Protein chains: 2
Amino acid sequence: MAVSPLAPESFPVMAPVAGVRFASAEAHVRYANRRDVMLVHLAPGTAVAGVFTTSATRSAPVRDCEEKLGGDPSPGAAILVNSGNSNAFTGRAGEEAVAELTRRVAEVLEVPQARVFTASTGVIGEPLPHERIAAKLPDLAAALAEDGIEGAARAIMTTDTFPKAAMAEVEADGGTVRIAGIAKGSGMIAPDMATMLVYLFTDAKIAQPDLQALVKAQCDLTFNCITVDSDTSTSDTLIMAATGASGIDVTDSVAFNDALHAVMLDLAHQVVRDGEGATKFVEVRVSGAATDADARRVARAIADSPLVKTAIAGEDPNWGRIVMAVGKSGAMADRDRLSIRLGDILVAENGFRAPGYTEDQGAAYMKRQEIVIAVNMGLAGGMATMWTCDLTHAYISINADYRS
Amino acid sequence: MAVSPLAPESFPVMAPVAGVRFASAEAHVRYANRRDVMLVHLAPGTAVAGVFTTSATRSAPVRDCEEKLGGDPSPGAAILVNSGNSNAFTGRAGEEAVAELTRRVAEVLEVPQARVFTASTGVIGEPLPHERIAAKLPDLAAALAEDGIEGAARAIMTTDTFPKAAMAEVEADGGTVRIAGIAKGSGMIAPDMATMLVYLFTDAKIAQPDLQALVKAQCDLTFNCITVDSDTSTSDTLIMAATGASGIDVTDSVAFNDALHAVMLDLAHQVVRDGEGATKFVEVRVSGAATDADARRVARAIADSPLVKTAIAGEDPNWGRIVMAVGKSGAMADRDRLSIRLGDILVAENGFRAPGYTEDQGAAYMKRQEIVIAVNMGLAGGMATMWTCDLTHAYISINADYRS
C-alpha cells in the first residue's frame, strides 16, 4: 500500500532511553516476510502505567494488562506485542494464549509473569497461533538492544503505511531525561480491530501512581482528541514505562509534563496522518462554548461527521454541514452567536453567511492539505480541539475489501 | 442520477383522503425544469400534529411550525414546502421569508396565518428566493386536487432518486378510514441539510393532543430507528393532519395505531432504501439486552458504524466489527454470553466463533440485497430493531461532489 500523503518525511532520529531494550522478529503470525513481533525489556525498578480501551468486549491481553498495572517494579518488566491476530473474541483459548505467552516471556527474561504486558493486533475471532511467537522468544531475548526501537515500531504495524515514533529530551531539575514513544494505528480503530497501540519510555524517575495520573491526563488531551472513523477498538492500549535509570526525579515537573504532552500529541497526529485513505489533516478548534465539555461535544460532532469529512475530501467549503454538526452535538448553541472560520477566513457569523465571504475564498482554502475549522460558539469560555482527517474513496476501498 | 437499486418497483396506488387537496408547481427556487413547491390544503376541523428535529441550529420554518402546533382547528390549515433551498442559517432574513410566505398562503387560501405550516429543504445559508414561490401561489391554489399527491411527493425531493409514498385503509369502529403519507430523504440527513420531510394525512377524527401523542410514539418506533450516516438535519419535519372528514373517531383505536405504524415504517424503510449510494438494506435486531435502551444503544452503534457498513458494502461477513460495535456502544455486555447471527446463520457465541460456522456460509449470505444482523446479548429481555444501509463509494461521490 502507498505511504500516506500526510506522512512525515522520514522516521525520526531516536536516542536510546537508558533501561529499555528492544527486539523484533518475523514469527509469521499471519503474514509472511514481515516483522510481526516486538519484545521490550525494562530494567529493574521500572514503573509501568497504562490506559486501555473502555470497550465492553475488550480483548484478553487488555484484561490481563489492566490487572497487572501497579505491581512491584523492583524485578523489571517486559512487553510483548504481535500483529496479524488480535486475540480478541477468542474465548477461553484467548486467555490461555496470554497466560502461556506471559509465562514463556517471564522464563526467558527472568522477570515475574505478573510483570509481562502483552498486546495483540490484527484479525479477530481466530485463535492466536501463540506457539509461533513463543518459538521466537529465545532469539528475541538474545537480540535485545537499546537501538532496536525502529524495528519494534515496524513490527506492531497492521494497515499502517508508515512506522510512527517521536522523541523528546527534557531539562529537568538535576539533568536531562528522555521520552521516546512508538505507536500504531491508522484509524481510531483500523479494520478488524487493528487497534491503536502506544508505547512510551522514559529514563526519568517517577512513582507508578504519579506516572499513571500523568499519562491518563495527557491521554485525554492527545489520543482522546483524535478520531478517524468514530469507531473504538476492543484492544486499544497505551503503556508508559519509566525506568528511573537516569536517577532524575520528575514528579511534578512541568517541563516533563510538557514534553510528554508533545511526544503524545506528535504520535496522535501521526495516527491521524495515517488515517485510512486520508488526504487532508484537519484541526477542529471550538471556543466560546458554555463549558469545555460542550466544546468537546461540538468538536467531536464535527470531526466525526461523515458529511463534513466527505466535503473536506471534495475540497468543498460546505460550512452548512458544520452548522449541522454543531446543531446535532447536543451542546448549548445559539445560531445567532455562532461564528465559523476556515483558517483565518470568516465564513459565517450572527446566524448568517459573513458579509465579506465568497465561495471562491473558501474553495481556495479547502485545496490545502492542512485544514483548520474554527467554531466560536459565542456563549462563554469553553474550549476544545480535535484532530481528524477526510473521508475518501480509499477509506471505503480499504474497509470494504480488507479481509475478503 | 440512477434510481436506487433498493427502490420499490413503482409509486403506490394512492386513494384520496377526504379533506386533503394537493398541488405542485415549478417555481425555479434553485433548479429549473422540475417541480419544487407543493401546497396542501386541509379542510376546516383538521387537527395538526408534528415532530421536529432536536437540532440546536434548526431552521426558521421548523421554529415557526413548532409554535403553531395545537392551534384552533376550525378554520382549516395549509402546508407549503419547497425544495432547492433550506432557508436554514439565514438569520433574520430567514424568519422574514417564513412570515411573508405564510402570510401569502393565508391570503390565497383564506386560512389563518397561524395555521400555515412550511418547510424548506435544500442548500443552506443562502437567502430563500421567496418571491418566486409566492408568485406561484394563485396557480397552486387553483390546481388543488384530491389526487395531486404524487406530484407533491415529487416536488419535495432533493437528492432522492424516487418519490416516496405509502397508504393504508383501516377498519375502525364505525367504518373505514384512510391514512396516506409521503416522505423525502435519502439519508438521516442528505447533503446540505437536504432534510427528511414526512407528511401524513388521514380522514379519521382524533383530537390534536391524542394525535400528537400517537405520532410521537410511532416516530420513535419508525423514523427514529433508521440511520444512513448518523448525521441529523437542521430541518427534519414530520407533520400529520387528521381532517376528521370521515366522521369516524379513532381515539384509542388499536387498528388505527397499527396502520399508522405500518405506513410510517414503510416510509422510513423507503428513506433507507434511498440512502445515498446504498446497495444493501440492513436490519439490525438486538435482543437479550439488559434494557430496551441498552438494546437501542447496541443497535445504533452497529447501524452507525462506518466499519460495519463498509464491510457490508464489500459483502464481507466481518462479524468482528459487530463485536467491536457492541463493545463501544456503552451498553452492558458480557462477551461470553453474546451471540451473533447473519440471518439464520449462527456466527458467534460464548465468546468465540460458532463451532459450525464457516466463512463460506457468511460470504454467501452477504451477497444478498437484504441483510439481517441479529445480536443476542444473553443478559435479559431488552429488545430493539434499527434499519440502515451500506456505506459505499457512491456515498463518498455524492457527498464530496454535491455542491462544488
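Using 0.36 nm times the number of residues separating A:D258 and A:D139, minus their current alpha carbon distance, what extension gain do you get?
Fully extending the segment from A:D258 to A:D139 adds 39.1 nm.
Hey, fewest Cβ within 10 Å first, where do A:D36, B:D292, A:D147, A:D294 land in order?
By the 10 Å Cβ count, ascending: A:D147, B:D292, A:D294, A:D36.
Distances in nm, one decimal, shortest first, from B:E146 to the same residue in every other copy, taking the label point 7 angstrom along Cα→Cβ.
Taking the point 7 Å beyond Cα along Cα→Cβ, the inter-copy spacings are 9.2 nm.
Would you mind telling me which residue in B:I373, B:I248, B:I182 has the biggest mean-square fluctuation in a Gaussian network model of chain B, where springs connect alpha carbons within a distance under 10 angstrom?
B:I248
Distances in nm, one decimal, shortest first, from B:A293 to the same residue in every other copy, taking the label point 7 angstrom along Cα→Cβ.
1.5
Looking at segment B:20-271 only, what percent of DSSP beta bridges run antiparallel? Nearest 5 please.
Antiparallel bridges: around 70 percent, rounded to the nearest 5.
May I ask what percent, to the nearest 5, of DSSP beta bridges between residues of segment A:1-121 are antiparallel?
65 percent
Can you pull out the GluC sites (Glu not before Pro) in segment A:120-215 that DSSP calls coil and that have at most 12 other Cβ atoms within 10 Å?
none
Between the DSSP loop rule and a limit of at most 10 other Cβ atoms within 10 Å, which trypsin sites (Lys or Arg not before Pro) in segment A:291-374 are left?
In loop regions of segment A:291-374 (DSSP not H, G, I, E or B), the sparsely surrounded trypsin sites (Lys or Arg not before Pro) are A:K367.
B:G330 label points, 7 Å along Cα→Cβ, one per copy: pairwise distances from this copy to the rest in nm, shortest first?
Ordered by distance, the counterparts are at 0.4 nm.
Could you give P(r) for chain B, binned at 20 Å from zero, as whole percent values over all Cα-Cα pairs?
28, 53, 18, 1
Classify segment A:1-148 as rounded, prolate or oblate from the Cα gyration tensor: take a ≥ b ≥ c as the square roots of its eigenvalues, call it rounded if a/c is under 1.5, otherwise prolate when a/b beats b/c and oblate if not.
Cα axes put segment A:1-148 in the rounded bin.
Can you give the FRET efficiency to the nearest 0.05 for A:L69 and A:V3, using r as the Cβ-Cβ distance and R₀ = 41 Å?
0.70
Quick one: plug the Kirkwood hydrodynamic radius of the protein assembly as shown (C-alpha pairs) into Stokes-Einstein at 20 °C, 1.002 mPa s, and report D in µm²/s.
76 µm²/s
Enter the mean number of other protein chain beta carbons within 10 Å of the beta carbon of each residue in A:308-320, as an integer.
6
So how much slack lies between A:A213 and A:R34, counting 0.36 nm per residue of separation and subtracting their Cα-Cα distance, in nm?
Full extension from A:A213 to A:R34 adds 60.8 nm.
Please list, by residue number, everything in segment B:160-186 whose backbone N is under 16 Å from a paramagnetic label point 7 Å out along Cα→Cβ of B:E150.
Under 16 Å, as judged by backbone N against the label point of B:E150, lie B:162-167, B:181-183 of segment B:160-186.
Filter the DSSP H helices in chain A by two things, a Kyte-Doolittle mean of at least -1.0 and an axial alpha-carbon span of 15 angstrom or more, and list the hits by number.
A:91-109, A:208-221, A:254-273, A:292-304
Among A:378-388, A:69-79, how do they line up from the highest to the lowest mean number of other beta-carbon atoms within 10 Å?
A:378-388, A:69-79
No lab work stands behind these numbers, since they all come straight from the coordinates. A quick note: this is a predicted structure, and the numbers were derived from the prediction, not measured. Counting neighbours? That spans all protein chains shown, and the Cβs are built from the backbone with ideal geometry, glycine included.
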